[in-house]
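This report refers to the structure that appears directly beneath it.
The values are calculated or read from the model by the stated rules, or taken from the named source; none is laboratory data. Please read these numbers as outputs of a predicted model, since none were measured by experiment. Heads up, the Cβs are rebuilt from the backbone with ideal geometry, glycines too, and the neighbour counts pull from every protein chain shown. Just the protein is used for accessible areas: all its heavy atoms, side chains included, with ligands, DNA and RNA removed. Shrake-Rupley method; radii C 1.70, N 1.55, O 1.52, S 1.80 Å.
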Amino acid sequence: MALTLEQVRHVATLARLSLTPDEEQRFTTQLSAVLDAVEQLQALDVEAVEPTSHATLTSSRLREDVTRPSLPPEKSLANAPAKAGTSFAVPRIIE
Amino acid sequence: MQLTDLTMMELAAKLSAREVSSEEATRASLARIQQVDPKVRAFLRVDEAGALAAARASDARRAAGSPASVLDGVPLGLKDLFLTEGVETTAGSRILEGFVPPYDATVVRLLKEAGLPLVGKLNMDEFAMGSSNESSAFFPSHNPWDVSRTPGGSSGGSAAAVAAREVFGALGTDTGGSIRQPAALTNTVGLKPTYGRVSRYGVIAFASSLDQPGPMTRTVADAAALLQVIARPDAQDATSSDAPVPDYSADLEGGVRGLKLGVPREYFTEGMDPEVEAAVREALREYERLGATLVDVSLPHTKYALATYYLLAPAEASSNLARYDGVRFGLRAQDARNLREVYTLTREQGFGAEVKRRIMLGTYALSSGYYDAYYLRAQKVRTLIREDFTRAFQQVDALLSPTSPVPAFKLGEKVEDPLSMYLMDIYTLPCNLAGLPGLSVPCGFTKAGLPVGLQVLGRPFDEAGLLRIARAYEREHDYFRRSAPL
C-alpha cells in the first residue's frame, strides 16, 4: 500500500516529530514498502480469533495498595532540562 | 591461559578456592577492555571505580567466608538499556545522552546483591531497534571474529564484549531476537527467558509485551547460573510471573536421551545461507547420536510472524517512546520557541532514523481508521502463531532451528534497506510473539571463520529443559574454547 506524502506528514504530526523534507520523502518510500510487506495479513481469516495482547500473561500481578517511599523531588528533578523550584519548567503555554 | 579466558563458572570456582581475587579478575577485565575495545567498540562507558569497589567488597565477603552467591565477584557487563543508579544510561540514543538514572533496574539490584562487579555499559541499537548495532547513535560495535562485520543486534555490544573476553558475561534484552541473534553471530550463548520470568522494571521499554532481559555468556552453565540470579518475581513489574524458579543448574548434565525434538520445516526455507544450514543439520544429527528423536513439525503461521511483529512492536514502541518529550529528562531542543516545538524539535533532533521509522509505522498502525486493519488484526494473528507452538509442544519437548539465516554480515551492507534488515529476525521473533523461552548455542563456524548458532525453543517456563538440551550439544562441541582472532 502506497502512503502519500500528506499521510506521512499527518502521522508525523500525531507522533510529534518534525521531519525534514528529505525524511518525509524517504519515509514515504520506506514505510510504503513495509506496509506492502505486512499486507499479507489481510489474506488470513481472523474473524473468529481472539486477539493476544500478552502471550503468557493470564492476569496482572496485583499488590496491596499501601503507601511506599518514592523518589525525593531533588532526585526526580536531577535530569530535568529546565526546572523552577520543585517543578519541571517548560516554555509559557498561555500567552 | 589468561584470567579473562575463564568462563564464569571457572572463575567462580577459583574465587571460591581463593586462588584468584575478584579485584584481580576485574582488573584483568578492565585491562582486556583497554587492549581490545578500540577494535571491538563494545563499550559505551566503563565504570572502573564502581567495578573495583564492588570487587573489593566481594573479596572481603569471600575472606569472611560469606559470599553473597555462587557468582560473587564475577565481573559482568550490561547492555545500556538497564538503568544503573549514578551511571549514565542512554539506550544508545542521543535523546538520553547524559541521563543519569536515579535508581537501579530490578535485575541490576539483584546482580549487585549477588556481588557481581558491573564493569560498564554496552553498545546497542538505539532503543534496541535493530539487528546490527548500526542504529546506535554513537558508533557501531564490531564482531570480534571479523571486525569488518556486525556482531548483530540489538544486544551487539554485549555479545561482542563476551566474545572478545572483555567481560565474563553480560545481560542483554530480547524483543524479537536481540539476545539470540548476536549470540549466534559471535560464538556465544544467549538465553531469552519466558516472558515474565525476569523483571522488566528499570529496563528502558521498547515493546512491553515482547521485551525480556536475559543472560549472554560463553557457556550454557554460565547462562544457567546468571539466570538463577535474575529470575525472580517482582512486585515492581505487573507482568512478572509468580511461577516457581527451579535450580537451573541441577539437571544441566541430564542429556537428551529419550527426548523428542521438533524440527519446524518452516524454519528451513530458502534464503538461508548454505553453510548455516549445513552446520545446523549436522547439529541435528548430533542430537540423534545422543539419543534424541527428531520429529518433523509444522508451524504453519510462521510466514506471518514478521508482518505481525513489525506492526505490534512499532505500535508498542510509538506509545512507549512518547515519554521522550524534552520535559523531564534527556535532551531538550535549544531552539524551541513554544511547548509544541519542545516536543517536536527535541524528538526530531534526539531520535535516529530507525527509531523515527518505527514510531511512524506504529503511530500509523494505531491511528484512527487503521487500528482494526493493522494493530487488531496483528494481535489476532499473534494468537494463531502462539497456537502453532502450543500444538507443536503437545508432540515434542523442544524445537531446534537455526538462530539466524545468515552469519555475520558486513557493516554497512543492509543499513539503507530496512526490510532486508528485518529479515534477520525471521527465526527468532515468533518466540517473542508466543512469549516462549529461546536459546542460541554455538554450533560451528563457516569456512570463513564466522560463527553459527543453533536455536532451541521450549515450552513456557522450561528454561531448565532448554539449558539441558543446549548443554548436551556443547559437551560434545566446546566451540566456546576458541578465541576470536583479535
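Quick notes on this structure:
- Neighbour net charge for residue B:461 - beta-carbon separation under 12 angstrom, K R +1, D E -1: -1
- Long-range amide H partners of residue B:169 with built H, under 5 Å: B:77
- Sequence-distant residues sharing a close amide H with residue B:262 (under 5 Å, placed H): B:295, B:397, B:398, B:399, B:400
- Given B:39/B:79; B:39/B:356; A:75/B:192; B:39/B:414; B:410/B:447; B:112/B:192, the pairs whose alpha carbons are separated by over 23 Å: B:39/B:356; A:75/B:192
- Reachable aspartates and glutamates, given that their alpha-carbon falls under 14 Å from the alpha-carbon of residue B:121 and they are not under 8 places away in the same chain: B:37, B:47, B:48, B:80, B:85, B:88, B:97, B:104, B:166
- Accessible surface calculations at 1.4 Å, restricted to protein heavy atoms, place the protein assembly as shown at 37 Å² per residue.
- Couplings 3J(HN,Hα) of the stretch B:171-182, computed from phi: 10, x, 9, 9, 10, x, x, 5, 9, 6, 5, x Hz, in residue order, whole Hz [Karplus 6.51 cos²θ - 1.76 cosθ + 1.60, θ = phi - 60°; x for Gly and Pro].
- The relative contact order of the stretch B:87-183 comes to 22 percent, based on Cα pairs under 8 Å that sit 6 or more residues apart.
- Global form of chain A, assessed from the alpha-carbon gyration tensor, a/c cut-off 1.5: oblate
- Furthest towards positive pole of dipole, B:432, B:43, B:394, structure part chain B, Cβ charges: B:432
- Rounded to the nearest 10 degrees, the angle from helix A:5-14 to the longest Cα principal axis of chain A is 20 degrees.
- The protein assembly as shown: C-alpha gyration tensor shape, a/c 1.5 cut-off, then a/b vs b/c: oblate
- Take each residue in A:77-84, count the other chain C-beta atoms within 10 Å of its C-beta, and the mean is 5.
- Only Lys, Arg, Asp and Glu carry charge here, each on its Cβ (+1 for the first two, -1 for the last two); on that basis the stretch B:124-194 has a dipole of about 200 debye about its Cα centre.
- Counting Cβ atoms of other protein chains within 10 Å of each Cβ in B:327-334 and taking the mean gives 4.
- Residue of A:43, A:55, A:78 that the Gaussian network model of chain A assigns the largest fluctuation, springs spanning Cα pairs under 10 Å: A:78
- Chain B: Cα Rg divided by the 2.2 N^0.38 Å rule of thumb: 0.91
- Mean ellipticity per residue at 222 nm, deg cm²/dmol - from DSSP H runs of n ≥ 4 across the protein assembly as shown, formula -39500 (n - 2.57): -11000 deg cm²/dmol
- Nonpolar atom fraction for the stretch A:28-95, defined as the carbon and sulfur part of the 1.4 Å probe accessible area, stands at 53 percent.
- DSSP beta bridges in the protein assembly as shown [antiparallel fraction, %, rounded to 5]: 70
- Shielding of peptide B:240-250 by partners, expressed as the average count of other chain Cβ atoms within 10 Å per residue Cβ, is 1.
- Considering only trypsin sites (Lys or Arg not before Pro) in DSSP loops that have at most 16 other Cβ atoms within 10 Å, the longest stretch of chain B without any of them is B:19-256.
- Centre separation in Å (Cα based) which lies between the stretch B:187-201 and the stretch B:94-171: 15
- DSSP-defined beta bridges in chain B - what % are antiparallel, rounded to 5: 70
- Phi angles of the stretch B:92-99 translate, via the Karplus equation with coefficients 6.51, -1.76, 1.60 and θ = phi - 60°, into HN-Hα couplings of x, 10, 4, 5, 10, 4, x, 6 Hz per residue; Gly and Pro are given as x.
- Taking 20 Å as the straight-line reach from the Cα of residue B:260, the aspartates and glutamates in range (excluding those fewer than 8 positions away in the same chain) are B:251, B:282, B:286, B:288, B:296, B:387, B:388, B:397, B:462, B:463, B:474, B:476.
- Solvent-accessible area, 1.4 Å probe, carbon plus sulfur percent, for the stretch B:330-479: 49
- Span from the the stretch B:290-349 Cα centroid across to the the stretch B:373-445 one, whole angstrom: 17
- Residues of the stretch B:182-206 that bury at least 20 Å² of accessible area when the other protein chains are present, relative to the chain alone (probe 1.4 Å, heavy atoms, ligands and nucleic acids excluded): B:195.
- Counting only alpha carbon atoms, the long axis of helix A:21-38 and the longest principal axis of chain A meet at about 60°.
- Cross-link reach is defined here as a Cα-Cα straight distance under 23 Å, omitting same-chain residues fewer than 8 places apart; for residue B:380 the lysines meeting it are B:303.
- Estimated vicinal HN-Hα couplings, Hz - the stretch B:439-451 in sequence order (Karplus 6.51, -1.76, 1.60; Gly, Pro = x): 9, 10, 10, x, 9, x, 9, 6, 4, 7, x, 9, x
- Cα gyration tensor shape of the stretch B:360-486, rounded if a/c is under 1.5, else prolate or oblate by comparing a/b with b/c: oblate
- For the stretch B:244-366, the C-alpha radius of gyration divided by 2.2 N^0.38 Å, with N the number of residues, is 1.73.
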